[in-house]
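> Before I ask anything, let me first share the structure, which is written out below as structure tokens.
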Amino acid sequence: MKPDEATLVEACLRHDQKACRQLYDSYAPLMFGICMRYARSRQAAEDILHEGFIKVFENLGKLRDTSQLASWIRSLMVHTAVSAYRREHNVEALSDLTDESVSSDADEIYGNIDIEVIMRAVQQLPTAYRMAFNLCDVEEYSFAEASEKLGIRESTVRSNLCRARRILAEKLADYTE
């Protein structure tokens, strides 16, 4: 019988290795998918996943509501992916892009396309565009929230998202016709 999440968290806080493994095994597959959206390669996604779970276990005592465990872990993974991006890229060099209007037609563009095809196309986006796309269109952060996370202006987030959508629309055009 699988213990409930509150019991599992308590066991992890007592450093029960079996419970820690169970928590990891329960959430790693879903979280790996999130990491893959932000990473350029499988290896980079595995690194983000590993770093994210280190944060999960280091901060598990800060979790106030065990019913929010999945969303709390997801939030840590997104934060870890954004931190990895900021470490590896000079975001200041990206912040002087011009503002462009951003249309909200993502569902229209991506609605009937296989998720694997979309994932491959997203992974091929330039990193700055991929980050804006993931934060705004996938994670549904506002431009202000994405701007804060990435350390760039809101107008740059808008511009990067617009460009990401344009590139994806071009890459996925054959699948939408």
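Please treat every number below as a calculation from the coordinates, not as lab data. Every value quoted in this text rests on a predicted model; they were computed, and no experiment measured them. Glycine gets a Cβ as well: all are built from the backbone with ideal geometry, and neighbour counts include every protein chain shown.
> Within segment 56-87, whose backbone N sits under 19 Å from a point 7 Å along Cα→Cβ of ALA6?
60-73, by backbone N distance to the label point.
> Per q in 0.15, 0.17 1/Å, what log10 I(q)/I(0) does a Debye calculation on the alpha-carbon atoms of segment 5-88 return?
-0.50, -0.64
> Follow-up question, since we're still on this one. Based on the mean of other beta carbon atoms within 10 Å per residue, what is the order of 13-22, 68-77, most packed first?
Working: 13-22: 12.8, 68-77: 17.2.
The most tightly packed comes first, giving 68-77, 13-22.
> Working out 0.36 nm times the residue gap between ALA70 and ARG87, then minus their Cα-Cα distance, what length gain in nm do you get to one decimal?
Full-extension gain reported as 3.6 nm.
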